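First up is the structure itself, then whatever we jot down about it.
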Amino acid sequence: MTVSPAYTDPMLEMANYQLDKAAQHLGLDEGMSQWLRTPERVLKVAVPIKMDDGTMRVYDGYRVQHSTALGPAKGGIRYHPNVTMDEVTALASLMTWKCSVAGLPFGGGKGGISVDARSLSTGELEALTRRYAYMILPIVGSKQDVPAPDVDTDGQVMAWFNDTLTMLRREADPAVVTGKPLGLYGSLGRARSTSRGMAHCTIFAAERMGFDVAGATVAVQGFGKVGSHYADIMAHDHSATIVAVSDVSGAYYAPDGMDVADVLEYARTNGGILTGYDQAQDNVQLISNEELLELDVDILAPAAIEGQITGRNAGSVKATLIVEGANGPTTVEGHEILVDRGVMVIPDILANAGGVTVSYFEWVQGLQFFQWTLEEVESRLLTVMRKAFDQVWNVAHEEDIPMREAAFLVAVDRVAESMLTRGLFP
């Protein structure tokens, strides 16, 4: 079988590397393998807006639909200066496999604008969002492609996006985007869903590995939307000991554990950043993000950005269990080293699937114009995550392969079967 070409984006390299291994394991021919890794639709748009000072600025916007074999494309929209077509394509591909492994009726999509959103005023951000929504209008819709928040986007951005489509199409469609505010048919439980799904996977894995999460030491790289909630859930719901957290300001280490509620409050009152937390607490010391990854802990949760565990540092990772909260935190080389060392890794397409699962719940609620209770959302999330985890775990042990390869095997098999059953049109 021909190996996928090299890509500059490490997430895309990992996704296609695992896709090729799964396709070979499943006995798929080269044509099907190529079809599986080729995005169905790639759109690049210009996003011009008038700035507050009267000048005009034009930003590059993207939307990629990797696959709609299992249902509408599904994936977030990120605003970040480093957004590129390669990155968006990689994330769309990962969304295909994430939705598939979770058993959701979605394919993979992703979008973004190359912009420093934090430098924009509220008015400029709204104008940017509405223009971008207008530019990608022909390919989005509740039965076509359903966007959601991602890096530096939130419920307000989704509200503007949803309103723009409502005005242009002259119809109410709360299922056209997810991650909306509750007043616009958002879903209860959405804000913590990715983190809660991670916590479920952590508990499932620990049970099978034979250790108790209560009292287990946990290091969380990335104290943002995902990492902060994960740390809070693990500490307060499962009595784990959080010994390290990090953000862009550095990593903060407390060998005897830290009070997560105190860390959350410090971040809230400090502009969302942990700068100076080591000076505010006597038992906390400042270390580097690299040192955090190499701490001697029971559980490591890389929940920051891609490409953190690499061929350079994977040999020094001491954690017993790694639960990937970020998309693509481990490179191909890092993965191979961890496999050789026998480190248990719950891969991103399984570990952080809680977010898209509750997005699916929100989509269903939007189609019905009906909101579920928080208890219903969390109960259904637990059911989906347990079923997905159990299937991947069983495949990993039956085939004697790592969890990452088992997750891709499950995901690729579902998508390939759907494509083969559907056949080619025309």
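Within the stretch 285-350, the trypsin sites (Lys or Arg not before Pro) that combine a DSSP coil assignment with at most 12 other C-beta atoms in a 10 angstrom radius are R312.
Computed extension length for E399-K143: 88.5 nm, one decimal, from 0.36 nm per residue of separation with the Cα-Cα distance subtracted.
Using just the Cα positions, wrap the stretch 39-172 in a convex hull and report its mean projected area in square nanometres, one decimal place.
On the way: hull surface 30.6 nm².
The orientation-averaged projected area of the Cα hull of the stretch 39-172 comes to 7.7 nm².
By the gyration tensor of its Cα atoms, with a ≥ b ≥ c the square roots of the eigenvalues, what is the shape of the stretch 193-351: rounded for a/c under 1.5, prolate for a/b over b/c, or oblate? Prolate, since a/c reaches 1.5 and a/b exceeds b/c.
At 0.36 nm per residue, minus the direct Cα-Cα distance, what do E417 and L367 gain on full extension? Give it in nm, one decimal, please.
Details: separation 50, 0.36 × 50 = 18.00 nm, distance 2.70 nm.
Net length gain for the segment: 15.3 nm.
Rounded to whole Å, the principal axis extents of the Cα atoms in the stretch 102-170 read 39, 30, 18, largest first. For the stretch 156-204, the orientation-averaged shadow of the C-alpha convex hull comes to 3.7 nm² (one quarter of the hull surface). Computed on the stretch 24-68, the Cα convex hull volume stands at 90 Å³ per residue. For the stretch 143-233, the percent of C-alpha pairs falling in each 5 Å distance bin, counted from 0 to the bin holding the largest distance, reads 3, 12, 19, 17, 14, 10, 9, 8, 5, 2, 1, 0. Averaging sequence separations of C-alpha pairs under 8 Å and six or more residues apart, then dividing by the length of the chain, give the relative contact order as a whole percent. In percent, rounded to a whole number, it is 17.
Need one word for the stretch 121-161: rounded, prolate or oblate. Basis is the Cα gyration tensor (sqrt eigenvalues a ≥ b ≥ c); a/c below 1.5 gives rounded, then a/b vs b/c decides. Oblate. The charge dipole of the stretch 358-426, taken about the Cα centre with unit charges on the Cβ atoms of Lys, Arg (+1) and Asp, Glu (-1), comes to about 240 debye, rounded to the nearest 20. Between T122 and D29, the C-beta separation translates, for a Förster distance of 51 Å, into a calculated FRET efficiency of about 0.45.
Could you quote the convex hull projected area for the chain, Cα atoms only and averaged over all directions, in nm²? Can you show the working numbers first?
Working: hull surface 82.7 nm².
For the Cα atoms of the chain, the hull's average projected area reads 20.7 nm².
Can you give me the convex hull volume of the Cα atoms of the stretch 342-426, divided per residue and expressed in Å³? Each step should come with its number before you reach the end.
Working: hull volume 10.4 nm³, N = 85.
For the stretch 342-426, the hull spanned by Cα atoms encloses 122 Å³ per residue.
Can you give the extra length, in nm with one decimal, that the chain gains between L168 and D282 once fully stretched, where that is 0.36 nm per residue apart less the Cα-Cα distance? Intermediate results must be reported in sequence, preceding the final value.
Working: separation 114, 0.36 × 114 = 41.04 nm, distance 5.60 nm.
The L168-D282 span can extend by a further 35.4 nm.
So if R0 is 35 Å, what FRET efficiency would S379 and R268 give, r being the distance between their Cβ atoms, rounded to the nearest 0.05?
On the way: r = 29 Å, r/R0 = 0.83.
Step by step, r from the Cβ atoms, then E = 0.75.
Bear in mind that the values in this text are calculations on the coordinates, not laboratory data. Being a predicted model, the structure only gives us computed values, none of them experimental. Neighbour counts are summed over all protein chains in view; Cβ atoms, including those assigned to glycine, are modelled from backbone coordinates with ideal geometry.
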